[in-house]
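In what follows, a structure is listed as structure tokens, so that the remarks can point back to it.
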Amino acid sequence: MLVVKTRLLIALTIALVTSGVSVLKASTPASSPVLAPVKRRMKAFKSERELARFFAALAEKRRREEARLAAIARREAERRARREAKPSGDMVTITDEAAPLNMMTETVTVTSTAETVTNTQHAGVDEGGIVKVHGDHLVILRRGRLFTIAINGRELKPISSVDAFGPGIDPKGSWYDEMLISDNTVVVIGYSYDRGGTELGLFDISNDGQLTYRSTYHLRSNDYYSSRNYASRLIGSKLIFYTPHHVDPNDEDPVESFPAVRKWHEGATHDDFRRIVRATRVYLPQTEFNHNDEMNLHTVTVCDLANKNFNCQGTSVLGPTGRVFYVSPDSVYVWTSAVPRRQGNNSLLFRLPLDGSGPSALRVSGGPVDQFSFLQSADQHLNVLVRSNSKGDGMWAAEVAEGDVALMRIPIMSFSDGSESVPAHKYRELEEPQGYYFQNRFVGNYVIYGSGLGYRQDPPESKVFLVDWRDGNSYQYLLPHGVDRIEAMGSDAVVVGSDGKDLHFSSVRLNPSPVFVSRYTRQDAAQGELRSHGFFYKPDGANSGTLGLPITVPGRSRYEHLFRDSAAILFLQNDALQFREVGELGSQPEKAIDDQCRASCVDWYGNARPLFLRGRVFALLGYELVEGTIDGGRIREIQRINYAPGKQISNVH
């Protein structure tokens, strides 16, 4: 049970420790579909034997180092004993010290024309979420179940529901987090602590919205969970996901734990796993590692959902454990760092092309906070906002970023085999914000960043910083609220934040130079949803559109969104960056029922979404789906359903 509750315990721990503590179109320029050339690529191991020899040599170095340190500890203990045995007043001089530690040297085409309900980082690169569209139906993943709701015409009707896990599978100790749809295949991505790996459930969905379980696959991996990032992406029919896996060279056979896939069946065992990463797809950077540091196998797996046999291919790189990953339209980038971080270039940035060609790497300093710290720009450069004390985006690490700030900007063609470092002049030093609940996002030609409330109730110094990533020109503005969310609105942006009591929306025009235009304040409110998918902006012209965001009671701690539902979706009209409240669509918590939840009973990925689809406006609020219409500049409810198991009620106004 202790392992099963890992995420919950970590959430509560962070809250206690720190308590004193998008759009329809791409918000950033999309990359060229042609892969940029690089200087050199990394080399893979030539054979299983060579890979085994590498781990054996690494294990031997660690054993020698452990023996050396043990000998030093024994000598120190002997000196301490002699010193304590001497009469008082005598002095003992220690002249020899431990020697320094030894070091070891060792296309997918993006095409997207379908209307989306997901606030993605790049157009055409879908992200795993809790609600998607399939034909005339919404598909919703909630508390270990899948649901479909018909939305054809003015319809709003529950159609089908199934468990998000297969028959015969015990869901205890499993989390079913996100979902993607390709053609008539629904894939649910989760993690099973009991079965020890990423769990992929495949379901068929018919044109009339009926769901049918097809199969379940397990991918051997460590927990991919991040409080900000999403594990999966979808480009065309290609499911792309990143998984970390700790590798211990001291194991009898480290390769035995390498990424592998098995198809689930009753009585499935460890022997059913089949490796998807052979030695010839494992790449080692040409750089120096501290052989005492923990090592991860960072794997990008691509599965073709158009193939009923569910063929998957993996590519792995060996590097430090701390990680942040980002998916552009043509590549996956993984920034890895030693934990704990040391001074110097102790991080590695990997680029893994999605066309299957070999990865490349660079030695880098510092680290990004989350996926929004990255932009692969159309000029064939990679732009990354880094902090000196970033801890990666594993579990809750992204919530405690701190340290110096810099903007790294490098040509993609500078990627090499890992033997080269990004020159110091490629890092532009930027001003450091106060506080550590750090938010950043690339919008248009700017990277925008600042700090919000985090888990504290007292607001930090409220500065927001905007930097033109092309020429380095920077701007800063004082705000009466924290920076808790940064989103694109067409070619402009909105900064959302709390002052501890009220929720504020500040609009900013980015061109020709940044200027804040207006501010809307919703009194006695807070964000009801923290993940990027909770926000959506629907443009209806070059300078106008409608945004939606879940809200709840004011001043609550950030972790409470995991346990308390949003009260409503707030809708604002944007007219040339002037905000006007359209109104809210609210929940009816008094009508909630016990859903007999068996799995995923904490909403790690949220439960509330504004949905703009086919000229209609919806608010997804837990098990309620509410439709509204905007008349005379105000939104009013016209119908709602409760699609909870055993309670599918429709109310039409």
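Taken together, the values in this text are just the output of simple stated rules run on the coordinates, not laboratory data. These figures come from a predicted structure and were not determined experimentally. Counting neighbours? That spans all protein chains shown, and the Cβs are built from the backbone with ideal geometry, glycine included.
Values for this structure:
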read-out: Cβ crowding within 10 Å averaged over residues, with 71-77, 601-607 ranked highest first; value: 601-607, 71-77
read-out: Counted charge near residue 131, where neighbours are those whose Cβ lies closer than 10 Å (Asp, Glu -1; Lys, Arg +1); value: +3
read-out: Coil-residue GluC sites (Glu not before Pro) of the range 259-318, DSSP, other Cβ within 10 Å capped at 11; value: 266
read-out: Unit charges at the beta carbon, dipole of the range 238-305: most positive-side option, 299, 249, 287; value: 299
read-out: Among 369-379, 523-533, the order from most to least packed when residues are scored by Cβ within 10 Å on average; value: 369-379, 523-533
read-out: Residues of the range 252-267 with amide N under 20 Å of a point placed 7 Å along Cα→Cβ from residue 204; value: 263-266
read-out: Interchain or long-range residues, amide H under 5 Å from residue 182's placed H; value: 187
read-out: Residues residue 511 and residue 64, FRET efficiency given R0 of 56 Å [Cβ-Cβ distance, rounded to 0.05]; value: 0.40
read-out: Cα-based shape type of the range 128-173, given that a ≥ b ≥ c are square roots of the gyration tensor eigenvalues and the cut on a/c is 1.5; value: prolate
read-out: Residue exposure sequence - 538, 426, 43 - by fewest surrounding Cβ within 10 Å; value: 43, 426, 538
read-out: Net charge contributed by nearby residues that have their C-beta within less than 12 Å of residue 69 (K/R +1, D/E -1); value: +3
read-out: Local electrostatic count at residue 576 - Lys and Arg +1, Asp and Glu -1, tallied over other residues with Cβ under 14 Å; value: -1
read-out: Ratio Rg/Rh [Cα only; Rh per Kirkwood] for the range 175-303; value: 1.01
read-out: The range 170-190-the range 255-283 distance, computed between alpha-carbon centres (Å); value: 20
